[in-house]
1. Give the number of residues within the stretch 559-578 that are closer than 16 Å to Val495 by Cβ and assigned to a loop (DSSP other than H, G, I, E, B).
2. Would you point out the residue of the stretch 88-116, among those that are of a type in the set (Gly, Ala, Ser) and in contact with a Leu (Cβ under 7 Å, 6 or more places away or on another chain), that is farthest from Gln67 (Cα to Cα)?
3. So which residues in the stretch 521-566 are surrounded by fewer than 17 Cβ atoms within 10 Å (Cβ to Cβ), over 22 Å from Asp496 (Cβ atoms) and among the β-branched types (Val, Ile, Thr), if there are any at all?
4. If we keep just the residues of the stretch 120-146 that are closer than 13 Å to Thr54 by Cα and among the hydrophobic types (A, V, I, L, M, F, W, C), which is surrounded by the fewest Cβ atoms within 10 Å (Cβ to Cβ)?
5. State which residue pairs qualify: first residue surrounded by fewer than 18 Cβ atoms within 10 Å (Cβ to Cβ) and inside the stretch 173-191, second residue among the aromatic types (Phe, Trp, Tyr) in any location, beta carbons under 7 Å apart, and separation of 6 or more residues or different chains.
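The values are calculated or read from the model by the stated rules, or taken from the named source; none is laboratory data. Predicted, not measured: the structure shown is a model, and the values here were computed from it. Methodologically, a virtual Cβ is constructed for each residue, glycine included, from the backbone with ideal geometry; neighbour enumeration extends over all protein chains shown. Please note that ligands, DNA and RNA were not included when accessible areas were found on the heavy atoms of the full protein model with its side chains. Shrake-Rupley method; radii C 1.70, N 1.55, O 1.52, S 1.80 Å.
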Amino acid sequence: MLAVTALIFIGLGVLYAFAGGSYGDRFTIPGAESQILTDLLEERFPARAGDTATVVVKAPEGIASVQPQIDNLQARLAQLPDVVDVSSLTDNPGDVSTDGTIARITVQYDKTSRALPDSSPQALLDLRKELTQPGFQVEAGGSVASLAEREPPGGTEAIGITAAIIILLIAFGSLVAMGLPILTALLGLSSGFFIIGVGARFVPMPSFTAQFAAMIGIGVGIDYALLIVNRFREAEALGMSNEEATMAAAATAGRSVFFAGGTVVIALLGLWASGIVSIGWVGTAGAVLVLMTVLVAVGVLPAILRYVGPYVDRWRLPFLHAPAAGSKSGFGYRLSRIVQARPLLCMVLAFAFLLALTAPVLDLRTGTSDAGNNPPSFTSRRAYDLLTEGFGPGTNGPIIVGVIIDNPAALDKVQTLPDHLRTLPDIARVSDVRMNPDNTAAVITVLPKSAPQDQETVDLIQNMRTDLRQEFAGSGARPLVGGSVALFIDVGQHVDSRLPIFLGAVIALSFLLLMAVFRSILVPIKAAVMNLLSIGSSFGILVAVFQWGWLGGVLGVSREGPVESFLPMMLFAVLFGLSMDYEVFLVSRIREEYIATGDNTEAVARGLAATTRVITAAAAIMVCVFGAFGLSDQRVIKE
């Protein structure tokens, strides 16, 4: 088994080295208006199908006073790799602020940010840094610049694993026992990363896929191995031989791990119900990592225990060595007796606490954050602030209006579209019409008065769509309203419409799985209700921190904003799956004790006594691993 595992691991590593792909930010929503417009641009405006970067210059003495530096900047930008066009301030006087101190230059790339090699965005940031000097501030914004600022995976994962090592040392008090969960988790995590890295070459995976999958994979990988190693130590303490203890751990804890991992995989694969391919692949990536950690825990770990088992309690740490099993004098047993003596009071207090945490969900507002939510240390954030200062907040979220022209007779009406748009409220600026060579499509850029994440912008896009449909009805031209802001509005509406299907599918499948595990209907119902309550409280905290700004300074949330539209579905999958883990761990052990004793009260007390230490350690590891990812600069990873 160990030899085969080594061969598979090496093979996956070699495959990843030669065929590994990259992650990007390409969302596709078939049938959505913003998606139709994106497809139109790629088909009929290929020169505009690539992404853009906005280079912002601030000169306190006036842009005119730094004209030589501006000319040099524009010339150097045109020489950057994959750049096909650079706007001119001479040809576009509106790209200089009214006070004359801030200017913006649009850099057009020939590919989307996802398709660009890593060297292209980095070259832009290197040029910005080189040319910035006192009195001539240069910043870069847009999707291309944001791509270069993303932190590579590794730092937060290392913090999470370090915290897990400390917790495992406290839980086991032995270096060997601590090392086994870390070793198997890293084995499962690395193997899973190799697989999804190769998959990223062929399917669209968002930029945060690696961190999202790692966050789950590290946590469940350590937890699952922790449960099996703990049960192995307990069996050895009862006098079983190394082989018997391994078999007992695999038959009890291994079975729990198999079914617990199954609930997580089901929940993550349920993200395909979103109808958004990229989100479905994010869930699949997480499911692959969970599956690999389960396979390592139930297949490879018993093989390792065959050799390491007799030494599992070696290299003990003073004052930290933990008992192999819970006892009637332990904290878990006493806690269970206290709770069972006053069940109603404890239930009311727990429910009241969780409901209080859930209350902010009533104010949940989904949408999309923007570069204004990035840390001030990011050039994209500084560019955002300069654009807001010089041209208004709507400059950071341009709305693209495209027109499909099926009847040449509609050309005159299309030419009047900018004048019509200027009559609508909440619009700051409207560009002239740009036609494609055969006059079958037109594009207009609209700048709103409000910021991209403001509700006023959402309302404006909805009103524009309604108004333009009426204005062009029967004209032979079809108007489309899109752009990045409109895309995320469409994502939110799409997710909201699919959310009931997703929730029903995940809860139903998890219910069936738990029913198979426990041969019970009441236990799965109870588990679903309790887990929904814990998920609600988690969402409440999310709203309080990211939308209301509570503890924002402590957690590095530089600006309040809406919760990302696709996150409620994604977080439900993660939280529901992981919270089911502890349900399976605890109730499985209680059921074992009940089968052995026939006494429900005693079975609950013994089950809690036997699992308190391991579940508390497992949960603490999850908190530390997830908390480490909260240190990420990317807002979506923080959420």
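1. Looking only at that region, the number is 3.
2. Looking only at the stretch 88-116, we keep the residues that are of a type in the set (Gly, Ala, Ser), and these are 88, 94, 97, 100, 103, 113, 115.
Next cut, in contact with a Leu (Cβ under 7 Å, 6 or more places away or on another chain) only: 103, 113.
Values: Ala103: 11, Ser113: 30 Å.
Restricting to residues being of a type in the set (Gly, Ala, Ser) and in contact with a Leu (Cβ under 7 Å, 6 or more places away or on another chain), the top hit is Ser113.
3. The answer is Ile521, Ile525, Val529, Val554.
4. So the first thing to find is which residues in the stretch 120-146 are closer than 13 Å to Thr54 by Cα, and the list is 121, 124-125, 128, 138-146.
Keeping just the survivors that are among the hydrophobic types (A, V, I, L, M, F, W, C) gives 124-125, 138, 140, 144-145.
On the way: Leu124: 26, Leu125: 19, Val138: 24, Ala140: 27, Val144: 27, Ala145: 26.
The residue in question is Leu125.
5. Between residues of the stretch 173-191 that are surrounded by fewer than 18 Cβ atoms within 10 Å (Cβ to Cβ) and residues that are among the aromatic types (Phe, Trp, Tyr), the close pairs are Leu175/Trp315; Val176/Tyr311; Val176/Trp315.
To keep it simple, each residue is scored yes or no on (1) open to solvent by 30 Å² or more (accessible area, probe 1.4 Å); (2) closer than 28 Å to Val529 by Cα.
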| position | (1), (2) |
| --- | --- |
| Asp363 | yes, yes |
| Thr366 | yes, yes |
| Ser380 | no, no |
| Tyr384 | no, no |
| Phe391 | yes, no |
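The rows are residues; the columns are (1) under 30 Å from Val458 (Cβ atoms); (2) open to solvent by less than 10 Å² (accessible area, probe 1.4 Å); (3) part of a helix (DSSP H, G or I).
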site	(1), (2), (3)
Leu480	yes, yes, no
Ala486	yes, yes, yes
Val491	yes, yes, yes
His494	yes, no, yes
Leu499	yes, no, yes
Leu503	yes, no, yes
Val506	yes, yes, yes
Phe511	no, no, yes
Val517	no, yes, yes
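The rows are residues; the columns are (1) farther than 22 Å from Gly261 by Cβ; (2) open to solvent by 30 Å² or more (accessible area, probe 1.4 Å).
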residue: Val587; (1), (2): no, no
residue: Arg591; (1), (2): no, yes
residue: Gly598; (1), (2): yes, yes
residue: Val614; (1), (2): no, no
residue: Cys624; (1), (2): no, yes
residue: Gly630; (1), (2): yes, no
residue: Asp633; (1), (2): yes, yes
